[in-house]
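See below for the structure under consideration.
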Protein chains: 2
Amino acid sequence: MKDKYKGRVTLPVELDFYEETLELSKRWGADAIRDSDGTDLDAQLKLIPGVKVYSKYFVARGDNEFALNHMEEAQQIFVMSEYITAYDDTLDIEFRKGFLDKQIVPNYDHDSKRYWQVYDRTTNEELDTDQWELDKENDIVSIKNTIAFHEYTVNFLAYMVWDPTQMYNYITNNWTDREREVPFDVRGPKANKHVKEKLRDWLEKNPETDVVRFTTFFYHFTLFFNDQEKEKFVDWFGYGSSVSPLALDAFELEYGYTLKAEDFIQAGYYNSTFKNPSQKYLDYIDFQQRFVCKEAKELVDLVHEYGKEAIMFLGDNWIGTEPYGKYFESIGIDGVVGSVGGGATLRLIADIPHVKYTEGRFLPYFFPDTFYEGNDPTIELMENWVSSRRAILRNPLNRIGYGGYPSLAYKFPKFVDRVEEITDEFRGIIDNVENNKPYAKHTVAILNSWGKIRTWQAFMVAHALYYQETYSYFGLLESLSGLDVDVKFISFDDIINHGIDEDIDVIINAGDAHTAFSGDDAWNNPTLVKSIRSWVHDGHGFIGIGEPSAYEKGGRFFQLADILGIDQELGFKLSTDKYHNLPMPSHFITQDMKSKFDYGERVRNIYALSSQTEVIADDKNSISIAANAYGKGRGVYLMGMKYSHENTRILKRSIYYSLQQEDEFNKVHSSNLETELNVYPQSESVALVNNTSEAQKTLVYDFNGNYTCIELKENELKWGHYNVETGSFSF
Amino acid sequence: MKDKYKGRVTLPVELDFYEETLELSKRWGADAIRDSDGTDLDAQLKLIPGVKVYSKYFVARGDNEFALNHMEEAQQIFVMSEYITAYDDTLDIEFRKGFLDKQIVPNYDHDSKRYWQVYDRTTNEELDTDQWELDKENDIVSIKNTIAFHEYTVNFLAYMVWDPTQMYNYITNNWTDREREVPFDVRGPKANKHVKEKLRDWLEKNPETDVVRFTTFFYHFTLFFNDQEKEKFVDWFGYGSSVSPLALDAFELEYGYTLKAEDFIQAGYYNSTFKNPSQKYLDYIDFQQRFVCKEAKELVDLVHEYGKEAIMFLGDNWIGTEPYGKYFESIGIDGVVGSVGGGATLRLIADIPHVKYTEGRFLPYFFPDTFYEGNDPTIELMENWVSSRRAILRNPLNRIGYGGYPSLAYKFPKFVDRVEEITDEFRGIIDNVENNKPYAKHTVAILNSWGKIRTWQAFMVAHALYYQETYSYFGLLESLSGLDVDVKFISFDDIINHGIDEDIDVIINAGDAHTAFSGDDAWNNPTLVKSIRSWVHDGHGFIGIGEPSAYEKGGRFFQLADILGIDQELGFKLSTDKYHNLPMPSHFITQDMKSKFDYGERVRNIYALSSQTEVIADDKNSISIAANAYGKGRGVYLMGMKYSHENTRILKRSIYYSLQQEDEFNKVHSSNLETELNVYPQSESVALVNNTSEAQKTLVYDFNGNYTCIELKENELKWGHYNVETGSFSF
């Protein structure tokens, strides 16, 4: 029986750990081994029969022999100096102040008057180039005719002479003995030629490698440090480090207009994904994606030519390869591997189209910060597994893996046992789930300015990191990742240009006012507003979270206030009396709540528009849950969606309620909100999962609304049979 | 001794209560009696020697004999219908829905195509007048060529056939036996003539009246009810009920452009004082003020002609008379009387220029809701007195009074005793304080879009009413009303056009983003920004409360972030790492705090700009108090200023800190924050006041920083002597 389950697991390896690796590999059913940044593969290990060898491969870094000899092809970035106040009519700006000299070096090779800019940030206007001079000796820009008490900044082009990931590892792990790796730009003709020659050479020399794991291709997401060697700026989506005079010239040739430093710097916003993208930035993204995908394809083709597989790491130098973008398919990559922080980041990897397989690296890393005497690493292991498992049951990864030093994990026998159980459970799920679409009564679409390209990536600043300003929205993705619905990500333009797809049942708009996730001036478009109104009226659902459809116009702040039944008071309507704000004693949406709705961050001054609005919950005079009938559909307002099992249930109920389908709720459903139910029609199976580390009891409702009481052990996943004829389940 | 204190008190009277009134009048030292809406003066009472008689006088209401015969001169208002969604290409709007028929009656006498408008609120564009027809029979506007799922509203001109104050009293007190009073418009030629003739006639017939108390002149602040007879809209500053075709025509003739319904309706904002005023609205205010003041002057002249005094009630029909406006002085009114809800509303009355005297009506009203068996009305009495007394010590009213039925108060002997003490204490203060400017080390200016005209009236929707959205800012005024500083109210235009007055030490900008109190696009003016920066740099203070100087531009949300050392994260800068947010262990500003800073309503995501920022307090990852050195001055940020004694102390310390005058703080100061100290150089006296109902001990610091320990009984006001030569105090 056991043999059947072998495989689907990648093991990190280290030198001088051969026998133990064999043991772990057998117990966990590993069918692949891999090296990582900092470790190398033991020659012996490469020869285990049936076990594939993954080798990491850096394209645009880790080759200082080339890089140091071609510094003119080093990667570049536009950055902005600090704000400096003028006290007189001249001003000197030490523009490098606050940057890490080891990473950011001004580009003095190209014409500063062409690529650099000086801004008066008090007027937010650019100064004429003859108003300032660059002093390269002293790294100073001297400005004349300044206005006293205006603030000025310098936008400058710089070489990025330290790869951000290596820099992070170097500084964090105190690698003072290693060389700082200079990243180079494949737009440079020499670099372009070099990376291809070097890969071919490497492929020749590494016949035992089965899978080349690109980490990743060319341009790192924007990440730079300050002069204290601490992170100064991080944007996982940022195209900042992909610029160069070559790129700008090529862009201008194709698009017929010039991109300036400010198009990238945006007074310090640097094209944050939280800001509605400018058309210029969208053009640039498209331009770079095409270049990156074309170049990446050449490397992947080369790997294939040598009979190997090519996979990429989702992160680091991934800019331009967006897996949900238009050109990703063209790369021809075989697989994607990424880090799993929970359900949403799992789905981010698992849902990637056009690849043969996806692989998730689970937590915890086998590092000393978790694997030390007295600590129990199985706690983090199980938390990570249980939160990810919800998502796996909706759409599984094809493979899982762990990272770090296996010798550390090996010292914790209970941990090794648990991973053995997890890998078995994972393979068990795959048997039932892979290529077997789970039953979903509804399709839910997340609507924002980015849409599909940022699938499962909304509300993210840096991959899987917590931000005070975002967790109340990111919880929506985490909840949805394991909920029995199909999920799509659509943009305002999708609706404006193509209408709302037939398969969508419920649209969710979530975010802070003025961000790209709420939509800001996208809501100034009557076509958008009208389309959603008519569609909801026709029997669909609209769920608004936080400050949905916020754009002050026509006396409304929320442009879909009429659907939601609520609006936000900005102060301008204080003279209008607000009645109807008393919550109802009970409601369908909050029926399973055990405690007060814990939405996350508070949104102020939400009030009901009329007595028709169903006020469901409130907090300190602001409505936190409301619903409103709109034709045959409904609007539902939620103040926030911090992730929790309770809130996941509120979301599930909101979906049904928005569709006026309360009567359908107790079908294909597990009553206890600590549990979830998934049905696989093709394999005629049912998975009932306990998402807690305590035993749970629940009523499981079948397609007919008949229920059975089921008990589940802590963290248990229980499989049952689905009788397709009768619509009933048996466990 | 007692006799000296007689006077300065106005007593309300009622019929058949003669002897008791005499007794109260003697004990409280009343030197004036008055009637009110609902009561008349007893003939006997008018003859008490030495006691003046105030008679209420309604100019534009309370005369239905005229009004009902001249309905074409009834007052008018522009109002907006509900939002109605079109489902097809035609739409009927029952525009009267939601209004009280007894108050709001459509004006069908004038051309609807000229005065009415129909708006598509989804595009926020006006429809061509040929796109709609008015059906007067059925009170319906029928629109053609509508767009399905757009929302539409009708702006219509209506007669306001019920005076709002009488309506309020009528509905609240269930006066079903009285006539509903129709207010008429003195712009109407017949009404204009009538009010003057009638006043002359009334003056002839009321020789025993000493003081005519106008309640008030012509136009009521905007107040209308809904179809449930509940308040629908209230704006104490609203010019809504002052419109008419006559006024619009006169305006157009003078200004050369036409005002439309939408200029008053603003998609339902109705020119809220929380919204930056449009130039059109400012023009209209000026236009009406000139008219109102001119007409009011004629009436006041008439009163003077008869040897009587004329005073006005600050409220009800006060629109156009703004006592801090440009034309108020020209009315020639002798006094203003208003209701006192606390220190700020007291100063609102007491600070009024160009009058011989001001009078405040204190709480509680002698009404059955307070004066019932088992309740102790002295509690509210003392609270109101103690909070008002702080302000009286800075700038006293000339007179105080009470309202309601004295027979009710008479039943509570303890209450009568306390009022006797209060009236004595009040006269005692006056003796020391009147025409004797109290010592103020600093002048503080409140900066917003309105400036002087809304002196002590910022953050108000309806006079002295609490609003969830405003108390965190209104507390600033309440704190300042009794603090030993001089207070000015200035506008952005004042600074832009005339610079910052010499006498100002500290500027405070307080309010929610985008409101007229924070300033919104006023901060898009570099002259303003630069002026304040240079002035602070020169050694002045800037205090920002809530969302000060908020206007997103140049990478800042708060345009004075550089002074304040903090900014608000809108989401666009999440990629920039925020350090320096840890509060300091102790700080000058919070030195007297006994508990956590209770600012009121929370402002989200306030972060420090640099390590130079002094983070003084925070709450849930948002900074609540910060300070920042800026040249010789400082910026201080406070999240809110809910009124409390603790927060008043924080404000006082912030003023000193912003001026870098920490060393000066323990001079002319009472250490216990439950007490306050005022010094009167001209009378060489000192007032030390206990603002609590418990005994307090405090250190009183003189001009040299020497202190004495003083004990105060509950609510005590202790007078001391100020030795001008030595700068010391003795009690």
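Scanning the stretch A:270-293 for residues that are within 14 Å of another protein chain (Cβ to nearest Cβ) and within 22 Å of residue A:112 (Cβ to Cβ) turns up at least one hit.
Within the set B:428, B:499, the sole residue that is modelled with pLDDT under 95, more than 30 Å from residue A:619 (Cβ to Cβ) and open to solvent by 10 Å² or more (accessible area, probe 1.4 Å) turns out to be B:428. Of all the numbered requirements in (1) modelled with pLDDT of 95 or more; (2) in contact with a Phe, Trp or Tyr (Cβ under 7 Å, 6 or more places away or on another chain), residue B:463 misses one, and that requirement is (1). Among all residue pairs at least 6 apart or on different chains, which show Cβ distances below 8 Å where the first residue, located in the stretch B:448-476, is away from chain A (no Cβ under 14 Å) and under 28 Å from residue B:496 (Cβ atoms) and the second is open to solvent by less than 10 Å² (accessible area, probe 1.4 Å) and of a type in the set (D, E, K, R)? These pairs meet every condition: B:453/B:322.
Would you call residue B:520 closer than 23 Å to residue B:470 by Cα, more than 8 Å from every other protein chain (Cβ to nearest Cβ) and in contact with a His (Cβ under 7 Å, 6 or more places away or on another chain)?
For residue B:520, the condition - closer than 23 Å to residue B:470 by Cα, more than 8 Å from every other protein chain (Cβ to nearest Cβ) and in contact with a His (Cβ under 7 Å, 6 or more places away or on another chain) - is met.
Is the stretch B:704-712 home to any residue that is under 29 Å from the mean Cα position of the chain (by Cα), closer than 28 Å to residue B:421 by Cβ and polar (S, T, N, Q)? No, there is no match, as no residue in the stretch B:704-712 is under 29 Å from the mean Cα position of the chain (by Cα), closer than 28 Å to residue B:421 by Cβ and polar (S, T, N, Q).
Just one of (1) surrounded by fewer than 22 Cβ atoms within 10 Å (Cβ to Cβ); (2) within 9 Å of chain B (Cβ to nearest Cβ); (3) not hydroxyl-bearing (Ser, Thr, Tyr) fails for residue A:528. It is (2).
Among the residues of the stretch A:350-366, is any surrounded by fewer than 17 Cβ atoms within 10 Å (Cβ to Cβ), acidic (Asp, Glu) and out of contact with any Pro (no Cβ under 6 Å at 6 or more places or on another chain)?
No - not one qualifying residue is present in the stretch A:350-366.
Restricting attention to the stretch A:297-330 and to residues that are in a helix (DSSP H, G or I) and touching a strand residue (DSSP E or B) at 6+ places or on another chain (Cβ under 8 Å), the residue that is farthest from residue A:57 (Cα to Cα) turns out to be A:304. Report the residue count in the stretch A:443-496 for those that are open to solvent by less than 20 Å² (accessible area, probe 1.4 Å) and at positive phi. Total satisfying the criteria: 3.
One residue is enough: does the stretch A:695-705 have a residue meeting the conditions open to solvent by 40 Å² or more (accessible area, probe 1.4 Å) and under 29 Å from residue A:530 (Cα atoms)? Let's see the steps before the verdict.
First pass over the stretch A:695-705, keeping only residues open to solvent by 40 Å² or more (accessible area, probe 1.4 Å): A:695, A:697, A:699, A:703-704.
With under 29 Å from residue A:530 (Cα atoms) added as a condition, the list becomes none.
Scanning the stretch A:695-705, I find no residue that is open to solvent by 40 Å² or more (accessible area, probe 1.4 Å) and under 29 Å from residue A:530 (Cα atoms), so the answer is no.
Residues checked against (1) touching a residue at least 60 places away in the same chain (Cβ under 8 Å); (2) assigned by TED's automatic domain parsing to the domain that holds residue B:216; (3) within 22 Å of residue B:715 (Cα to Cα); (4) among the polar types (S, T, N, Q):
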site: B:353; (1), (2), (3), (4): no, yes, no, no
site: B:366; (1), (2), (3), (4): yes, yes, no, no
site: B:371; (1), (2), (3), (4): no, yes, no, no
site: B:419; (1), (2), (3), (4): yes, yes, yes, no
site: B:427; (1), (2), (3), (4): yes, yes, yes, no
site: B:446; (1), (2), (3), (4): yes, no, no, no
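Apart from one condition, residue B:153 fits all of (1) in contact with a helix residue (DSSP H, G or I) (Cβ under 9 Å, 6 or more places away or on another chain); (2) crowded, with 20+ Cβ neighbours inside 10 Å; (3) among the hydroxyl-bearing types (Ser, Thr, Tyr); (4) over 24 Å from residue A:565 (Cβ atoms); the exception is (4). Which members of the stretch A:581-629 meet the condition of being over 27 Å from residue B:620 (Cα atoms), assigned to a loop (DSSP other than H, G, I, E, B) and within 14 Å of another protein chain (Cβ to nearest Cβ)? A:609, A:610, A:611, A:612, A:613, listed by residue number. Counting just the residues of the stretch A:323-346 that are out of contact with any Asp or Glu (no Cβ under 8 Å at 6 or more places or on another chain) and surrounded by 22 or more Cβ atoms within 10 Å (Cβ to Cβ), which one comes out farthest from residue A:480 (Cα to Cα)? Filtering first and then ranking leaves A:331. The lone criterion from (1) within 30 Å of residue B:533 (Cβ to Cβ); (2) in a strand (DSSP E or B); (3) out of contact with any Phe, Trp or Tyr (no Cβ under 9 Å at 6 or more places or on another chain) left unmet by residue B:655 is number (2). Within the stretch A:250-284, the residues that satisfy the criterion of being in contact with a Gly (Cβ under 8 Å, 6 or more places away or on another chain) and of a type outside the set (D, E, K, R) are A:264, A:266, A:267, A:268, A:269, A:270, A:271, A:272, A:274, A:276. Filter the stretch A:171-222 down to residues that are open to solvent by less than 30 Å² (accessible area, probe 1.4 Å) and of a type in the set (Ser, Thr, Tyr) and give me whichever is farthest from residue A:321 (Cα to Cα). Result: A:209.
Given the structure, is residue A:193 part of a helix (DSSP H, G or I) and either more than 14 Å from every other protein chain (Cβ to nearest Cβ) or under 28 Å from the mean Cα position of the chain (by Cα) (or both)? Full working, then the answer.
Details: part of a helix (DSSP H, G or I): yes; either more than 14 Å from every other protein chain (Cβ to nearest Cβ) or under 28 Å from the mean Cα position of the chain (by Cα) (or both): yes.
Criteria met by residue A:193.
Only one of the numbered conditions (1) closer than 27 Å to residue A:109 by Cβ; (2) assigned to a helix (DSSP H, G or I); (3) in contact (Cβ under 8 Å) with a residue 12 or more places away in the chain is not met by residue A:259, and that is (2). For the stretch B:571-609, residues that are polar (S, T, N, Q) and surrounded by fewer than 14 Cβ atoms within 10 Å (Cβ to Cβ) total 3.
Quick one: count up the residues across the stretch A:212-263 that are among the hydrophobic types (A, V, I, L, M, F, W, C) and within 14 Å of chain B (Cβ to nearest Cβ).
Kept after step one, since they are among the hydrophobic types (A, V, I, L, M, F, W, C), are these residues of the stretch A:212-263: A:212, A:214, A:217-218, A:221, A:223-225, A:233-234, A:236-237, A:243, A:246-248, A:250-251, A:253, A:259, A:261.
Okay, now just the ones that are also within 14 Å of chain B (Cβ to nearest Cβ), so A:221, A:223-225, A:233-234, A:236-237, A:261.
Matching residues across the stretch A:212-263 total 9.
Please work out if residue B:168 is within 14 Å of chain A (Cβ to nearest Cβ), out of contact with any strand residue (DSSP E or B) (no Cβ under 6 Å at 6 or more places or on another chain), at negative phi and open to solvent by 40 Å² or more (accessible area, probe 1.4 Å). In short, yes. A count restricted to the stretch B:674-713 and to residues that are in a loop (DSSP other than H, G, I, E, B), in contact (Cβ under 8 Å) with a residue 24 or more places away in the chain and either within 19 Å of residue B:648 (Cβ to Cβ) or assigned by TED's automatic domain parsing to the domain that holds residue B:389 (or both) stands at 4. If the condition is being open to solvent by 20 Å² or more (accessible area, probe 1.4 Å), away from chain A (no Cβ under 14 Å) and not in a helix (DSSP H, G or I), then the stretch B:630-652 contributes B:634, B:643, B:644.
Condition check ((1) in contact with a Pro (Cβ under 9 Å, 6 or more places away or on another chain); (2) surrounded by fewer than 20 Cβ atoms within 10 Å (Cβ to Cβ); (3) at pLDDT 95 or above; (4) within 14 Å of chain B (Cβ to nearest Cβ)) across all residues:
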{"residue": "A:53", "(1), (2), (3), (4)": "no, no, no, no"}
{"residue": "A:68", "(1), (2), (3), (4)": "no, yes, yes, no"}
{"residue": "A:86", "(1), (2), (3), (4)": "no, no, yes, yes"}
{"residue": "A:95", "(1), (2), (3), (4)": "yes, no, yes, no"}
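The values are calculated or read from the model by the stated rules, or taken from the named source; none is laboratory data. Being a predicted model, the structure only gives us computed values, none of them experimental. Because the Cβ atoms are built from the backbone with ideal geometry, glycine has one as well, and the counts that use them run over all protein chains shown. Only protein heavy atoms, including side chains, enter the accessible area calculation; ligands, DNA and RNA are left aside. Shrake-Rupley method; radii C 1.70, N 1.55, O 1.52, S 1.80 Å.
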